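Taking it in order: structure first as structure tokens, then the write-up.
The values are calculated or read from the model by the stated rules, or taken from the named source; none is laboratory data. Nothing here was measured: the structure is a model prediction, and the numbers come from that model. Cβ placement follows ideal geometry from the backbone for every residue including glycine, while neighbour counts extend to all protein chains displayed. Keep in mind that these areas ignore ligands, DNA and RNA; they rest on the heavy atoms of the full protein, side chains included. Shrake-Rupley method; radii C 1.70, N 1.55, O 1.52, S 1.80 Å.
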Amino acid sequence: MSFLSRASAPLPLAAPAGDGPGNPWFSWQYVQDNADTIMTKLGFHIGITLETVVIALLVAVPLAVLAYWIRPLTGPILALSGVLYTIPSLALLALLAPLLGATNRATVLIALVLYALLLLVRNALTGLTQVPADVKDAAAGMGYGRFGRLWHVELPLALPGIVTGLRLATVSTVALVTIGAIIGQGGLGDLIMGGFWNNFYKAEILTGTVLCVGLALVLDLALVGLGRALTPWSRRRAT
Amino acid sequence: MSYFRDGIVWLNDPLNWTNPGGLLDRLQEHLVITFWAVLIGCAVGLPLGIWLGHRGRGGGVVVTVANLTRALPTLALLTILPLTAIGFGKLPVILALAVFAVPPLLANAYTGLRSVDAETKEAAIGMGLSGGQLLRRVELPLSVPYIAAGLRTAVVQVVATATLATFVNGGGLGTIISAGFGLGISRGGAQIVAGGIAVVLLALLAEAVFAGVERLVTPRPLRSIRRRRSARPATTG
């Protein structure tokens, strides 16, 4: 079920023979022999990251709009996000696990969504509040209603803030998924912890780490590209 | 909510506090790890941030450090460091956590020194202050609130991440939680929740105490200015 139960299991296999002497930090042999496991863990990691970010975005943007429209709500929403963000991830997992099941993927997913949510709400709200007042006046003068103005003027102008929040949330989610290893739902974190408890198998640890950092980098770059594609006007103005 | 009640009941049993490996032991381990990690983080982050801020460049370094540590899973550092020349024990855990304490300290010290009013600095130079005097008598006193905010963020961050030390048998309050998971939900559920509550309370307490420190060292006239916490890195990862 998790790496904790391995302590009582029979000692796991040692490093494969083709590795050469010792316990190298990187072993192509390990990657080849375990390609299936690595791909499964990587797939899980990517899947849960994307799911987290999409769910968090779908909840965060309406929340930010609510806080933007109803100003008295801004303070409480931001304060609550600050307090929630102080809660350590393992503690959040500990409080959620008994309710949702200890080996449940949903437990990790909900914890991740909560953290991503806070980053997204803050940045989306910052983006919305930075829309210049004269732009809003102009939009109102052109006959836009509240929703039309939000959809056609304010949200597009807040996009850079939202994309910044998305990047932060995505990169921290990729790193955070690894904590799920405590209940065997950690994606690449399972590789890192598995390697540690598997006679300190360095190749397994480093493969998990490199893939994790690489994944964060790739997703971050993809979001930068997405942000550029979504805000063509900012590029035109720059050139 | 029965698990929550079970957790409170677990916390209410004095033996769970005083037993060897009980809450008090784990709390002490947690605080020792946190203290050294923050101290090392300060020793690295503050001089570097102050120097870069005083020189007025190096903003790129600050951003890069912050971004790199955000993408690096804590678990990776916690598992890799003991397998290097550092060896096992408390030291690799402390070093791993110190790495995550550096970015908030560095960024806040840098921002604090950079945000000293240019005219103030010119006036000081005009009065004949040398570079070192400018730093000691003008820039540092004016950036104390920023540095205190960085310290608060770093402490809360390290208190939170020290929970993960249990993944590599490093002790700390996280051990209560992972031992509970080891027992399974039906037998360890109360302990898991109790550990979670203890960790949350400690994190909130650290936040409150250092918010107080931040307020104490901020000169009264500067208090009314809007709160200036820099973007905090994930408390967590």
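Solvent-accessible area per residue in the protein assembly as shown equals 46 Å², computed with a 1.4 angstrom probe and all protein chains kept. Full extension of the chain between B:A123 and B:R136 yields a length gain of 3.2 nm, computed as 0.36 nm times the residue separation minus the alpha carbon distance. Rounded, prolate or oblate: pick one for region B:1-47, where a ≥ b ≥ c are the square roots of the eigenvalues of its C-alpha gyration tensor, a/c under 1.5 means rounded, and failing that, prolate if a/b is larger than b/c, else oblate. Taking the square roots of the gyration eigenvalues as a ≥ b ≥ c, region B:1-47 is oblate.
Taking only protein heavy atoms and a 1.4 Å probe, the accessible area of chain B is 65% carbon and sulfur. Taking B:A198, B:A124, B:A149 in turn, the Gaussian network model of chain B (Cα-Cα springs below 10 Å) assigns the largest fluctuation to B:A124. With a cut-off of 16 Å on the backbone N, the residues of region A:97-126 near the modelled label site 7 Å out from A:V83 along Cα-Cβ are A:118. Buried accessible surface for the B/A pair, both sides summed and rounded to the nearest 100, is 3700 Å² with a 1.4 Å probe.
Return the whole-Å distance between the Cα centroid of region A:186-222 and the Cα centroid of region A:140-163. Value for the Cα centre distance between the two parts: 41 Å. A:K202: which lysines have alpha carbons under 21 Å from its alpha carbon, excluding same-chain residues fewer than 8 sequence positions away? Filter leaves A:K41, B:K90. Each residue of region A:59-69 was assigned a 3J(HN,Hα) from its phi angle through the Karplus curve 6.51 cos²θ - 1.76 cosθ + 1.60 (θ = phi - 60°); the sequence is 8, 6, 5, x, 4, 5, 5, 4, 5, 6, 6 Hz, with glycine and proline shown as x. What's the FRET efficiency of A:L226 with B:W17 using the Cβ-Cβ distance as r and R₀ = 56 Å, to the nearest 0.05? Once rounded, the FRET efficiency stands at 0.65. Based on Cα contacts under 8 Å between residues 6+ apart, chain B shows a relative contact order of 28 percent. Rounded to the nearest 500, the helix-only mean residue ellipticity at 222 nm of chain A stands at -24000 deg cm²/dmol, with each DSSP H run of n ≥ 4 adding -39,500 (n - 2.57). Evaluated with a Cβ-only charge set (Lys, Arg +1; Asp, Glu -1), region B:53-193 carries a dipole of roughly 160 debye about its Cα centre, given to the nearest 20. On region A:130-239, 64 percent of the accessible area sits on carbon and sulfur atoms, based on a 1.4 Å probe.
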